[in-house]
Amino acid sequence: MYEILFFSLVLGSCYALMTAGFNLLLGVARIINLAYGAYMALVAYLYSGFSESMPVPIAAALAMAISVALGTFGWIILRFIRRDEVLMIVVSLAIALLIEGALIWGYGPYQRVVPALVSGSLGWVSAQWLLAILVSVAVLAGYYIIIGRTIIGKKMVAIAENADLALMMGINPAKVYLFTTFLASLFASLASLMISPFLTVSPQVAWLYLTIVLSVSIVGGLGSVGGSLIAAFLISFAERFSAYYLDPSVEPFVPLLLIILVLLFRPQGILGRGATRWA
Amino acid sequence: MMGGYKPKIGPLRMGGPRALGDFAAVVVIIAVLAVVPFAVTSSYLLSALSMALLFGVITATYDFASIRTGYINLGYTFIMGIAGYVAFLSTSSPQLLALLAAVGGALGGVLMALPGFRLRGPFYAMATLIFPFVLIVIARTMYDVFKGDDGVPVPFWLPVGGPYAYYLVFSFAVVSLLVLYVLIRTRFGTILKSMSEDEILVESNGINTNIIKLVSFVIAGTIAGISTFLYVSLQGVMSTAVIEPIPLLIYMLLACGIYKPGGVVWSFMGGIGLYMFDIYLRGATPELRLAIISAMLIIIYFLIRGRHAAR
């Protein structure tokens, strides 16, 4: 029972971390990035590849540095497509397919094991589990400090509320969007390093990541980081407890059921804004 | 929502010369497809053409319910999944299979329409994209029931590759295309098109757009469900490959955007052409295939931009 509780916490933390980046981009920069899952898969592959020839911490740091640089650089593409929602969806899907193709080309279509960042355990608690929770809590706490206590954070909030008004107040949106992209890339990279060791990854894992991100986002509220936090733990606990108390085969139905319920009764999600129509 | 909608589809209107052009195109397509078995002797090619015809029908239903209304649905293959699993997990009788696939398709259509009651634009697109992915996860996790990527074996009832199977599929495709073609020429079809232009204006005329969306998706889902039944029967197995949104959905989007989005006829032809192109591409390496498909995605955008990008 304690193991189930703890593992729900671990996965909930990972879900929250990976969805936070997606919703940050959506909430502040109004960017729908369907290549988000593919980007996470790329991080997992880079880390897994580097770890074959260097110590795990250095491999993780190198994979992080490269992927965050790539993700932030991706803003150059994203800034051109963010004015048009259909274009965003289409181009980000195309980028996801290109990344998947590149992974197949570079690493083959086979499954890969992603090594844990830390080995060993504390009693029955795996060290990787503990690390996942600690990193998620630290990063999300850091995010709320940035949002609430820093100038750039306040600028992000201002732009998320009303970009035109923020521009009139002298805020440079381009810099804020660049910083938002950097933060989102950082969240996605860290989330990938935390969750990938629990899985066996293949190039198609990108779509699994995207499924989790979209499920949590829809339940929590698209564009809402706070909502995604609640939804991440809700889905994680509901999955684990339904498997424990009902039947393990029920587990995959839980996100779908929650999504249908949310779409029926609260389409904007748990903490989503009232505006459900983007047009 | 407003409740003054009169549930009549109205008289059939043939429209102007452009509509007559479409009608002529339908007649020509049907005539050409009718003589294919006389020109094609290869059973492989005939089987591939039969599947392409069914994909063309599914694409036409997508064009009818999604593109014509302006509700870009990224999870349409979910309907195929629901229809296929409902039918092939329940019975082995061909007649019952067709009926259950139609019911499953209609149910899938209802589920696809529901998010559209409150969401639109990219929110609706993202909400629908999640459905096939979750269904794939369920099919893989509950292997004992759904047989994951291996798939549920299909009872043999259709001799694949022969003229009998082709003409059965052809007859179904003709009837489906005519039903959709007639529907878009009615008042109902005009309302669907108007919704993509200005939904609020349609509502202000006393039309309950939620009912319109629901009915359009149920019609599309029913036809897509029967198409899936035939498609899976030809393929021999109901697996996650039928639900995978990539690349099927990309072909659907592209086919609908080639010419006259929402016009049904051209998306039907585009669906056939792109499915045959996909069969040709299967000889290429996976990475090259993905690169080509992603390039196609960009093309889609420029094709549909003028009509839907501003939503």
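Return yes or no: is B:Leu97 under 23 Å from B:Lys147 (Cβ atoms) and either more than 11 Å from chain A (Cβ to nearest Cβ) or of a type in the set (Asp, Glu) (or both)?
Criteria met by B:Leu97.
Quick test of your reading of the structure: A:Pro109 fulfils all but one of (1) facing another protein chain (nearest Cβ under 10 Å); (2) within 17 Å of the chain's Cα centre (by Cα); (3) at negative phi. Name the failing condition by number.
Against the list (1) facing another protein chain (nearest Cβ under 10 Å); (2) within 17 Å of the chain's Cα centre (by Cα); (3) at negative phi, A:Pro109 comes up short only on (2).
Report yes if B:Pro163 is touching a residue at least 40 places away in the same chain (Cβ under 8 Å) and in contact with a strand residue (DSSP E or B) (Cβ under 7 Å, 6 or more places away or on another chain), otherwise no.
no
For residues in the range A:7-24 being touching a Leu at 6+ places or on another chain (Cβ under 9 Å) and farther than 14 Å from A:Leu214 by Cα, which is modelled with the lowest pLDDT?
A:Val10
One line per residue, one yes/no per condition, for (1) closer than 23 Å to A:Trp105 by Cβ; (2) within 12 Å of another protein chain (Cβ to nearest Cβ); (3) part of a helix (DSSP H, G or I); (4) in contact with a His (Cβ under 6 Å, 6 or more places away or on another chain):
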site	(1), (2), (3), (4)
B:Met252	no, no, yes, no
B:Ala255	no, no, yes, no
B:Gly263	no, no, no, no
B:Phe268	no, no, yes, no
B:Ile279	yes, no, yes, no
B:Ala284	yes, yes, no, no
B:Glu287	yes, yes, yes, no
B:Met296	yes, yes, yes, no
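Restrict the check to the range B:67-79 and report whether at least one residue is surrounded by 22 or more Cβ atoms within 10 Å (Cβ to Cβ), part of a helix (DSSP H, G or I), of a type in the set (D, E, K, R) and away from every other protein chain (no Cβ under 14 Å).
Among the residues of the range B:67-79, not one is surrounded by 22 or more Cβ atoms within 10 Å (Cβ to Cβ), part of a helix (DSSP H, G or I), of a type in the set (D, E, K, R) and away from every other protein chain (no Cβ under 14 Å), which makes the answer no.
Determine which member of the set A:Leu93, A:Leu117, A:Leu130 is in a helix (DSSP H, G or I) and touching a residue at least 40 places away in the same chain (Cβ under 8 Å).
A:Leu93
If I ask for residues that are more than 14 Å from B:Tyr71 (Cα to Cα) and more than 7 Å from every other protein chain (Cβ to nearest Cβ), which ones from the range B:114-132 would you list?
Answer for the range B:114-132, where residues must be more than 14 Å from B:Tyr71 (Cα to Cα) and more than 7 Å from every other protein chain (Cβ to nearest Cβ): B:Phe131, B:Pro132.
Can you tell me which of A:Gly27, A:Gly71, A:Gly108 is in contact with a Gly (Cβ under 7 Å, 6 or more places away or on another chain) and either under 25 Å from A:Ala160 (Cα atoms) or free of Cβ contacts under 8 Å to residues at least 60 places away in the same chain (or both)?
A:Gly27
Among the helices (runs of 4 or more DSSP H) lying completely within the range A:179-279, list those that include at least 1 residues that are at pLDDT below 85 and surrounded by fewer than 18 Cβ atoms within 10 Å (Cβ to Cβ).
So the answer is A:225-245, A:253-265.
Being of a type in the set (A, V, I, L, M), at pLDDT 90 or above and either out of contact with any Phe, Trp or Tyr (no Cβ under 6 Å at 6 or more places or on another chain) or farther than 30 Å from A:Leu34 by Cβ (or both) narrows it down to one of B:Ala39, B:Ala87, B:Ala52, B:Ala83, so name that one.
Answer to the selection: B:Ala83.
Would you point out which residue out of B:Leu135, B:Leu111 is within 8 Å of another protein chain (Cβ to nearest Cβ), among the aliphatic types (A, V, I, L, M) and buried (at least 23 other Cβ atoms within 10 Å of the Cβ)?
It is B:Leu135.
Would you call B:Leu96 more than 14 Å from B:Ile219 (Cα to Cα), more than 17 Å from the chain's Cα centre (by Cα) and in a loop (DSSP other than H, G, I, E, B)?
Judged against the criteria, B:Leu96 is not a match.
The values are calculated or read from the model by the stated rules, or taken from the named source; none is laboratory data. Model, not experiment: these values are computed from the prediction. Positions of Cβ are backbone-derived with ideal geometry, glycine not excepted, and every protein chain shown enters the neighbour counts.
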